[in-house]
1. Can you tell me which residues in region 107-130 are surrounded by fewer than 16 Cβ atoms within 10 Å (Cβ to Cβ) and closer than 22 Å to Q37 by Cα?
2. Using the structure shown, decide if I53 is closer than 20 Å to V164 by Cβ and surrounded by 23 or more Cβ atoms within 10 Å (Cβ to Cβ).
3. Among residues belonging to region 98-130 that are assigned to a loop (DSSP other than H, G, I, E, B) and polar (S, T, N, Q), point out the one that is nearest to L167 (Cα to Cα).
4. Just to verify a result, which residue in region 239-250, among those that are among the hydrophobic types (A, V, I, L, M, F, W, C) and either modelled with pLDDT of 95 or more or assigned to a strand (DSSP E or B) (or both), is surrounded by the fewest Cβ atoms within 10 Å (Cβ to Cβ)?
5. Of the residues D379, D368, D353, D414, which single one is under 21 Å from N270 (Cβ atoms) and out of contact with any helix residue (DSSP H, G or I) (no Cβ under 6 Å at 6 or more places or on another chain)?
6. Just checking, does region 371-381 include any residue being in contact (Cβ under 8 Å) with a residue 24 or more places away in the chain, buried (at least 21 other Cβ atoms within 10 Å of the Cβ) and hydroxyl-bearing (S, T, Y)?
7. For region 100-116, indicate whether the set of residues that are closer than 30 Å to I271 by Cα and in contact (Cβ under 8 Å) with a residue 40 or more places away in the chain is non-empty.
8. Looking only at region 344-370, filter to residues that are among the hydroxyl-bearing types (S, T, Y) and surrounded by 18 or more Cβ atoms within 10 Å (Cβ to Cβ); which one of those is nearest to R321 (Cα to Cα)?
Amino acid sequence: MTTNFPRMLSIRQSFPATPSLNLEAVLETEFTKIRSQIKPGKKIAVAVGSRGITNLDQIVAGLVRLLKNAGAEVFIVPAMGSHAGATPEGQTEILAGYGVSEAALGVPVRATMDVRVLGKTGDGLELQFSAEALRADGIIVVNRIKPHTDFAGSIGSGLLKMIVVGLGKRVGAAAYHVESSRLGYERVLRTIAHESLRLAPILGGVGIVENQRHETARIEFLSRDEIERGEERLFLEAKRLMPKLPFDDIDLLIVDRIGKNISGSGMDPNIIGRGVHGYLSSLGNQHNLTPFIRRLFVRGLTPETHGNAIGIGLADLTTTRLVHEMDKSVTYINSLTSLTPNCAKIPIHFDTDREALTQALRSLGLADSRAARVIRIADTLSLERMQISEAYGESVKQISSLTRTTEPREMVFDSEGNLPPLET
């Protein structure tokens, strides 16, 4: 049976502009909010996680410089739960990949997985907290604030989550997810964070909001007393600024790369409409899902994910090369700690993109595969430039935020049967 590939055209999705930031000036202004709490000789731990946050190296370097100028003795603590195989070496390597290292910053990175129990929540859950961070006189957490991959609520992924899951290390992260399965994610996140803020020497946090282009839109210092309410406010801004796919009815979504630097789930469920605990493979949208993606093909992993392929279980098809790049131990530890085994399942995989796309199109049951509604993106953070199939051609004309940048062209494969890089 011959499968004809749909012709593809490139488009640009325009987003409202956000003012550019002078990072150094903003950090200096925001730092005044906690400057009085930084005393000469005090040990300050800066907690940094595993996400690929734009300008993370500059933001952390600026914070370290301001703390050192105030006379503090600064060190970095990885705050990423069970990521990087739940090992100090792996977590140090993740941070170094983002430019957060002793060589780059001139301060030590103290990575251990040891925790101490601070107390208990009203629900009886023990508060596990990084023993290394607790050796400091003060702790400042740095994280991006955005909608969470596992639940919807008035908060998401941000400073509170870093305090609970990131600084909880593997033990705390596992306990959080177990308790959340019983009481709900937001309730457990809030109760643990509230008690941790009361019992740990947390000075505050640096909340980062990004726009639809994955650019830094806001940086704000939130003091210990401001974190809970301040994060709610920044969460609403982050939610408003999240990008989305331009169409809701998609036969096939091609995702070039997934990884922990892209999303905690490899690819963001808020973008693809597939939850971390599973998805439907039905061709009919009986549950009115938005967006509704019938087939999802993931081509590869980001280098920054260091083999962690969590999220691959949200795909229907992938490549044999991705499976070979996958560090199963690291992926399984992360998946089992977060109680999301579906995210680590290895889907049907093929040696070439051509074969994977052929089988994906055949599985749609279309009379003419050239009429398939196909979108190709680099990753779920990069939604400004993408390719779409000719079937969407008329729809592009009706959406003012979309601009066609090429005419429809036949799909091209290299000598090994794989797609060329997507121009973004």
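1. P108, the sole residue that qualifies.
2. no
3. Looking at the filtered set, the residue picked out is T112.
4. In this case the residue turns out to be F247.
5. Result of the check over D379, D368, D353, D414: D379.
6. yes
7. Yes, there is a match, as at least one residue in region 100-116 is closer than 30 Å to I271 by Cα and in contact (Cβ under 8 Å) with a residue 40 or more places away in the chain.
8. T358
The values are calculated or read from the model by the stated rules, or taken from the named source; none is laboratory data. Remember, it's a predicted structure, so these values are computed and weren't measured experimentally. Here the Cβ is made from the backbone with ideal geometry for all residues, glycine too, and neighbour counts use every protein chain on show.
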